[in-house]
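Reviewing the structure listed below.
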């Protein structure tokens, strides 16, 4: 079974839910509105896509959105395992909220926590939404957003958590 | 007492300037004279500390791979009298293996404070010197701002030979500069810059 | 000072924290304790595990990661494409080629180039050397966790054979940065394949001895059998990867499902065990080393037969200065070409995956057509395996935690990135 077949299986499962298709190299992503993402995830799961490989978030300040893509694939179905399918949700940058999919895919649980601290995306219904990698004062700054700029040098000015950056 | 005297009489008087392995009484007396009679107690402390360095099992980053390899059969750093040990309460050396993140910085300080005096630190790898490849990361601290570091090892990662060399170098520092005995007398390291206050490092710590 | 009348010997109050060697213990209810293990703990590992205990049975386990989070994804956005390779390599320097390979593949997908045949074999060569070294490292650390000193000493000693081979091939013990877009950095040195065959023969013999002293050791079997069992459906649900997944009866290996580089042309098997316990996870690693040795032999034969040319894509090699070509034809090695310093990658999004020593690693690379990537997303095998602590460890006794921790071969720098 070729990659096209994986794609058509996913397309069939998501029929009527997705609003656009995005061709990437090595994956295909279906654009889904945020309010229907649970429906889309359930459809994909019952079609055999049983785990999440990556919860990929990309900040696009020019368009004012944060895009969250769930890259999913399959362990139980060796044919689906050959391809990677994504469902993409666009969220407004000032108040990014979306329903959590970790009830459907348990494998997304830690990665959603990661996206929460790095981008500030709130996953409603997540069982345990806390920062996972960063210390709490840093997690509030959402460092992977594009407006968090990494300067070349840093100096200590009292208070490690409020590490100052020279102009 | 009488048996002792008779045994010594059989062995004859000890020869000057030599330690006898077979004659325990003579050897012990000779060693006591050598160590205590002519040597200051501080020197004895330095001599003893130099050959019993116990690094704590505290791996901060990826240089830990080479740290583990240093005690493996090929490099065998145990022959320098150093062996990684479990509890910070029973160790006197901390090897900072690479990057120290902000989260780890607090843990590093807590481990350091639990170790008994005299204690030493070796900073391993370019990241422990000044950030290395992660020099502009927002989540790192410089290890020398957290604990007073005695020996720095450059490299990314340093080879196991370099770490073994650093242990020998630390032994030399202890014996030549009397670091261990000075520490006992003074209680603090005046020669090192003041580290970041603990409240700053650990303001967020839970547990 | 309290008078003797007020003195009460109440024992441990609920909510009180006490400091014990190596850990803080808090009583959170009657007979219910919260223990913070790490980040300084007897095994080698830079993570904290928060365990809630009823007596000595774990009822809730909360892995506290992030002690080695060095912000690679953010730093990658500010560095040129070629400089991201040594950056992401620091995730797991003991498995450097496998870890960086999917990033290089993703960049190649964006540039729409494919490395030449010989470069593919050279990449597989270092990948398998790394995989063996990584599994031996994992087994050595497992030995430390279990207090089995011989199992620390033997694999770490034997690992040096493969580290030495990698050093001869690339010039660095651990940080190889070997695959670059379009090919690899250098060709094999003279006489390398003979030494490789010697190492393969040696390792085969040693694996048999490992079985006798470790895997079939009654003490070890008593500690590992039936501990940390991950049933097949749970393994799929949790999305764990690598040898841990294959020890639970799932036949999934990226080298098989989506053959990258030269894996499609090589003959090897994927070992799968059904038990899903800690012993099965140890067995998978040993069996995988055997398969890697098989691959190495085939690669050595293939490299000997091939003409010694074409380790880099023609598009780049054509632009190389003449001096470089002369040196390559004479010595088989060459410096990294200057054109990589300003490598512009066409705009697009690419997703690539590979089977690293600890499991599947995936990269998502997005380019805007500039010198630096717009976004690099890495999901490392250890990060996906970390969920095992939360869902598998509860129900076991606290003293089984080292066996579970060691058996999943969790490597914190890789998980935290």
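The values are calculated or read from the model by the stated rules, or taken from the named source; none is laboratory data. In this text the structure is predicted, and so the values were computed from the model without any measurement. Neighbour counts run over all protein chains shown; Cβ positions are idealised from the backbone, glycine included.
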Scan segment C:173-192 residue by residue and report those that are within 9 Å of another protein chain (Cβ to nearest Cβ) and free of Cβ contacts under 8 Å to residues at least 40 places away in the same chain.
-> C:173
How about segment C:291-324: which of its residues are touching a strand residue (DSSP E or B) at 6+ places or on another chain (Cβ under 9 Å) and either surrounded by 20 or more Cβ atoms within 10 Å (Cβ to Cβ) or part of a helix (DSSP H, G or I) (or both)?
-> C:311, C:312, C:316, C:317
Considering segment A:69-79 alone, what residues qualify as being surrounded by 24 or more Cβ atoms within 10 Å (Cβ to Cβ) and within 11 Å of chain C (Cβ to nearest Cβ)?
-> A:69, A:71, A:72, A:73, A:74, A:75
Among residues belonging to segment C:383-417 that are within 14 Å of chain B (Cβ to nearest Cβ) and not in a helix (DSSP H, G or I), point out the one that is surrounded by the most Cβ atoms within 10 Å (Cβ to Cβ).
-> C:411
Collect the residues in segment B:151-188 that are assigned to a loop (DSSP other than H, G, I, E, B), touching a residue at least 24 places away in the same chain (Cβ under 8 Å) and surrounded by fewer than 22 Cβ atoms within 10 Å (Cβ to Cβ), keeping them in residue-number order.
-> B:154, B:155, B:156, B:159, B:178, B:187
Could you tell me which residue of segment B:77-90 is surrounded by the most Cβ atoms within 10 Å (Cβ to Cβ), considering only residues that are within 10 Å of chain C (Cβ to nearest Cβ) and in a loop (DSSP other than H, G, I, E, B)?
-> B:84
Applying the selection to segment C:187-237, what residues are more than 30 Å from residue C:123 (Cβ to Cβ) and part of a loop (DSSP other than H, G, I, E, B)?
-> C:216, C:217, C:225, C:226, C:227, C:228, C:229, C:230, C:231
Quick one: in segment C:85-103, which of the residues that are within 14 Å of chain A (Cβ to nearest Cβ) and assigned to a helix (DSSP H, G or I) is surrounded by the fewest Cβ atoms within 10 Å (Cβ to Cβ)?
-> C:87
Residue C:288 fails exactly one of (1) touching a strand residue (DSSP E or B) at 6+ places or on another chain (Cβ under 9 Å); (2) assigned by TED's automatic domain parsing to the domain that holds residue C:181, namely (1)
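What are the residues in segment A:8-26 that are outside any loop (DSSP other than H, G, I, E, B) and over 16 Å from residue C:258 (Cβ atoms), if any? Lay out the reasoning, then the answer.
Filtering segment A:8-26 for residues outside any loop (DSSP other than H, G, I, E, B) gives A:8-13, A:20-25.
Once the filter is applied, which keeps residues that are outside any loop (DSSP other than H, G, I, E, B) and over 16 Å from residue C:258 (Cβ atoms), segment A:8-26 yields A:8, A:9, A:10, A:11, A:12, A:13, A:20, A:21, A:22, A:23.
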Could you identify the single residue in A:103, A:145 that is surrounded by 13 or more Cβ atoms within 10 Å (Cβ to Cβ), touching a strand residue (DSSP E or B) at 6+ places or on another chain (Cβ under 6 Å), outside any strand (DSSP E or B) and at pLDDT below 90?
-> A:145
Some residue of segment C:174-189 being surrounded by 15 or more Cβ atoms within 10 Å (Cβ to Cβ) and within 18 Å of residue B:68 (Cα to Cα) | yes
Of all residues in segment B:133-150, count the ones that are part of a loop (DSSP other than H, G, I, E, B), within 12 Å of chain C (Cβ to nearest Cβ) and surrounded by 19 or more Cβ atoms within 10 Å (Cβ to Cβ).
-> 3
Have a look at B:109, B:74 and point out the one that is touching a helix residue (DSSP H, G or I) at 6+ places or on another chain (Cβ under 8 Å), surrounded by fewer than 20 Cβ atoms within 10 Å (Cβ to Cβ) and over 22 Å from residue B:47 (Cα atoms).
-> B:74
Selected residue [in contact (Cβ under 8 Å) with a residue 24 or more places away in the chain and in the same structural domain as residue C:85 (by TED's automatic domain parsing)] from C:379, C:345 = C:345
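Condition check ((1) closer than 27 Å to residue C:140 by Cβ; (2) outside the structural domain of residue C:145 (by TED's automatic domain parsing); (3) part of a loop (DSSP other than H, G, I, E, B); (4) at pLDDT 85 or above) across all residues:
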position: C:39; (1), (2), (3), (4): yes, yes, yes, no
position: C:43; (1), (2), (3), (4): yes, yes, yes, no
position: C:46; (1), (2), (3), (4): yes, yes, yes, no
position: C:49; (1), (2), (3), (4): yes, yes, no, yes
position: C:59; (1), (2), (3), (4): no, yes, no, no
position: C:78; (1), (2), (3), (4): no, no, yes, no
position: C:82; (1), (2), (3), (4): no, no, no, yes
Specify the residue that is farthest from residue A:73 (Cα to Cα); the eligible residues are those in segment C:337-372 that are in contact with a strand residue (DSSP E or B) (Cβ under 7 Å, 6 or more places away or on another chain) and not in a strand (DSSP E or B).
-> C:340
Just need a number here: residues in segment B:92-105 that are crowded, with 24+ Cβ neighbours inside 10 Å and within 11 Å of chain C (Cβ to nearest Cβ).
-> 9
With respect to residue A:53, determine if the residue is within 11 Å of chain C (Cβ to nearest Cβ), in contact with a strand residue (DSSP E or B) (Cβ under 9 Å, 6 or more places away or on another chain) and closer than 18 Å to residue C:253 by Cβ.
-> yes
All positions within segment C:104-134 that are within 14 Å of another protein chain (Cβ to nearest Cβ) and farther than 23 Å from residue C:347 by Cα | C:130, C:133, C:134
Could you please let me know if residue C:163 is under 24 Å from residue C:336 (Cα atoms) and either within 10 Å of chain B (Cβ to nearest Cβ) or in a loop (DSSP other than H, G, I, E, B) (or both)?
-> yes
For segment A:32-48, does any single residue satisfy the condition of being at the interface with chain C (Cβ under 9 Å from one of its Cβ atoms), over 25 Å from residue A:136 (Cβ atoms) and crowded, with 20+ Cβ neighbours inside 10 Å?
-> no
Close pairs (9 angstrom Cβ cut-off, 6 or more residues apart or separate chains): closer than 10 Å to residue A:50 by Cα and more than 9 Å from chain A (Cβ to nearest Cβ) in segment C:230-243, at pLDDT below 90 and not in a helix (DSSP H, G or I) anywhere | none
Count of segment C:311-336 residues which are in contact (Cβ under 8 Å) with a residue 24 or more places away in the chain and in contact with a helix residue (DSSP H, G or I) (Cβ under 7 Å, 6 or more places away or on another chain) | 4
Determine if segment A:65-81 includes at least one residue that is over 14 Å from the mean Cα position of the chain (by Cα) and in a helix (DSSP H, G or I).
-> yes
Applying the selection to segment A:132-142, what residues are within 8 Å of another protein chain (Cβ to nearest Cβ) and in a loop (DSSP other than H, G, I, E, B)?
-> A:132, A:133, A:134, A:135
